[in-house]
Structure formats: C-alpha cells, structure tokens
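Only one structure is covered here, and it is reproduced in the block below.
The values are calculated or read from the model by the stated rules, or taken from the named source; none is laboratory data. Computed from a predicted structure; not experimentally measured. Ideal geometry is used to build each Cβ from the backbone, glycine not excepted, and the neighbour counts take in all protein chains shown. Please note that ligands, DNA and RNA were not included when accessible areas were found on the heavy atoms of the full protein model with its side chains. Shrake-Rupley method; radii C 1.70, N 1.55, O 1.52, S 1.80 Å.
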Amino acid sequence: MLQNYFPILLFILVGLLVGVLPLLLGKLLSPNRPDPEKLSSYECGFSAFEDARMRFDVRYYLVAILFILFDLEVAFMIPWAVTLKDELGLFGLGAMAVFLGILTIGFVYEWKKGALKWS
C-alpha cells in the first residue's frame, strides 16, 4: 500500500531539493563582503523619506482592483469569442452584448461615484 505513495513522496522531495538546494549553495558559496556603497539606497538616488510600512490611500487599491477586473474581463472575452464563434452564433453575440452592457453600467457607476478620481 505504501509503495503507491512513493512517487508522490519522491516528487515532493525532488521539488524541495530543486527549490532549497540552489538557495543554500548560493548562501554558502557566494562571497559576503558588504560595504557602505553596496548597502546604500539605489532605487531613485536618495534615501527613503518615510517608513516602508506606511499606509496607502484606499483609492490606490480601488483603482488597482478595477484595473484587474476590467483587464481580466477582456482577457477572458477574446479566447471565449475565438473558441466558441461557430457554436454560439447570434445567441453568443447577444449574451456577450448583455454582459458588456452590465460591465459598462458598472464602470459608469464607478466613474460617477468618483472612484477613479485620484485627487
């Protein structure tokens, strides 16, 4: 009975080795000689002026969620239309028109509520 689970155990062990072994080898074999130049801030040329754990405005998250929502809708519509174009015909066109209408109503609602205004 346990021999049936051996391939699964082997798969887990190999996966852990592939994930952990390069990290350990890099930590053990790489030189570690930090100096002030290496430890200085490099992203924009000056030191950070606030804590990295500061709170973001909720509008940032709202705009990000709305972008992901509309982006995913388009990303799923194109394969749906290409795959099912011959099978759905006029019914599929009507269903997608209703879906896009509901999506547009939601977008206009968000726009009128001021969710897309940044300042």
(Q) Ordering W111, W80 by accessible area with a probe of 1.4 Å, largest first, what comes out? (A) W111, W80
(Q) Tell me the angle of helix 6-29 to the major Cα principal axis of the chain, expressed in degrees between 0 and 90 and rounded to the nearest ten. (A) 60
Q | Exposure rank, largest accessible area first [R55, R33; 1.4 Å] | A | R55, R33
Q: For the chain, with all protein chains present and a 1.4 Å probe, just round the carbon and sulfur fraction of the accessible area to a whole percent.
A: 71
(Q) In whole Å, what are the extents of the chain along the principal axes defined by its C-alpha atoms, from largest to smallest? (A) 64, 60, 25
(Q) So, R0 is 30 Å and r is the distance between the beta-carbons of L84 and T104; what FRET efficiency does that work out to, to 0.05? (A) 0.90
Q.
Test of understanding: in a Gaussian network model of the chain with alpha carbons linked when under 10 Å, which of L93, L39, L24 would top the mean-square fluctuation ranking?
A. L24
Q. Between Q3 and R33, what FRET efficiency comes out of the Förster formula 1/(1 + (r/R0)^6) with R0 = 35 Å and r the beta carbon distance, rounded to 0.05?
A. 0.10
Q: Treating the angle as unsigned and between 0 and 90°, give the value, to the nearest 10°, between the Cα long axis of helix 58-113 and the longest Cα principal axis of the chain.
A: 60
Q: Using the heavy atoms of the protein chains and a 1.4 angstrom probe, tell me the accessible area per residue for the chain in square angstrom.
A: 95
Q: Using a Gaussian network model of the chain whose springs link C-alpha atoms within less than 10 Å, name the residue from G89, G106, G15 with the highest mean-square fluctuation.
A: G15
